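One structure is given below, encoded as structure tokens.
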Amino acid sequence: MSTQSFAYAQVREALTKQITEQQLTGSLPSERELCATFDIARSTLRQALGQLENMGLIYRKNRSGWYVCPRKLKYDPMQHASFLQYTTAQGFQPSTVLLEQRKQKPCKEIATALELDGRASLTSILRVRSVDGRAVVVEDLNFSNKHLPDIDKHDLSLSISMLLKNTYQHHKVLYDISVESCCLFNPIAQHLDTYDGALGLKVTRIVRDQQGTAFEFDREFWRHDALMIENKAKLQF
């Protein structure tokens, strides 16, 4: 193993220790300062920083440098709870920006998932959701107008979970869900204040009523460093 290989690993471990012990918070020193501190080349430093980013310990902010990641949001994608509920329960301050709302025909993927024909229409929205002022997820939500009539007339910047419960009487729903790693490309990356191609997590969800009829198709694009997926399961053998 080369001296350079040892160097980036030593820097990575040193910065990891400082972060986990909260000796290093907020913004990191500049790359020039870090190179001087550890007496390494900038290419070696960037290798260490890239690994810390992949570990979810630091993140890059466009044109602003490197920052220590704040504490992660615990997220259970199987829970039918509003973003407002589970973020405030964990001590975060949530906020939502509705970027776009439109009526459209479903693409093949959504038409198949929601069992819609060519005459069907969707109400689709794009939202950015933030915790403590930091954008963490872009939501691409698609609702069947056949199953949720006049949903476009409601304020879709508010809780969809509460709207489904209080207006459409969907007190219990069924989820088909998948979670996979992805790259965040523009414009989604821009909405999340990160760079084109950054690591992310993609959550795809089909929402059904108690009879099994699908009425909603969601895609969520999360910053990979913003959340910890957590689920409690009761198993019987």
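What follows draws every value from the coordinates through simple rules; no lab data is involved. These numbers come from a predicted model, not from an experiment. Here the Cβ positions follow ideal geometry from the backbone for every residue, glycine too, while neighbour counts run over all protein chains shown.
Place a point 7 Å from the Cα of residue 71 along the Cα-to-Cβ direction; which residues of the stretch 119-138 have their backbone N under 17 Å from it? From the stretch 119-138, the list is 131-134. Amide H contacts under 5 Å for residue 136: 129, 130, 131, restricted to partners 5 or more places along the chain or on a different chain, H placed in the peptide plane at 1.01 Å from N. Just in the stretch 143-237: which trypsin sites (Lys or Arg not before Pro) are loop by DSSP and have at most 16 other Cβ atoms within 10 Å? Those that pass, being in a loop and sparsely packed, are 146, 172, 232, 234. With respect to the chain, whose longest principal axis is taken over its alpha-carbon atoms, helix 3-20 is tilted by about 60°. For the residue pairs 103/146; 72/172; 74/153; 172/232; 146/202; 72/108, the alpha carbons lie more than 24 Å apart in 72/172; 74/153; 146/202; 72/108.
Comparing 22, 47, 101 in a Gaussian network model of the chain, where Cα atoms under 10 Å apart are tied by springs, the biggest mean-square fluctuation is seen for 22. Whole-Hz Karplus values for the stretch 50-61 come out as x, 6, 5, 5, 5, 6, x, 9, 9, 9, 8, 10 Hz, taken residue by residue from phi with 6.51 cos²θ - 1.76 cosθ + 1.60 and θ = phi - 60°; glycine and proline positions read x. When a/c is below 1.5 the answer is rounded, else prolate if a/b is larger than b/c, else oblate, so apply that to the stretch 148-237 with a ≥ b ≥ c taken from the square roots of the Cα gyration tensor eigenvalues. Cα axes put the stretch 148-237 in the oblate bin. Amide hydrogen proximity for residue 24: with H placed 1.01 Å from N in the peptide plane, the residues at 5 or more positions away or on another chain lying under 5 Å are 19. Positive contributions from Lys and Arg (+1) and negative ones from Asp and Glu (-1), summed over other residues with Cβ under 10 Å from the Cβ of residue 176, come out at +2.
Taking Cβ atoms as reference points and 9 Å as the exclusive limit, the residues near residue 67 contribute a net charge of +2, counting Lys and Arg as +1 and Asp and Glu as -1.
For residue 182, the residues 5 or more places off, or on other chains, whose built amide H falls under 5 Å of its own are 200, 201, 202. Evaluated over the Cα positions of the chain, the convex hull gives a direction-averaged projected area, one quarter of its surface, of 16.8 nm². Counting Lys and Arg as +1 and Asp and Glu as -1, what is the net charge of the other residues whose Cβ lies under 15 Å from the Cβ of residue 23? So the surrounding residues net to -1. Applying both filters, DSSP loop and at most 15 other Cβ atoms within 10 Å, to the GluC sites (Glu not before Pro) of the stretch 64-153 gives 115.
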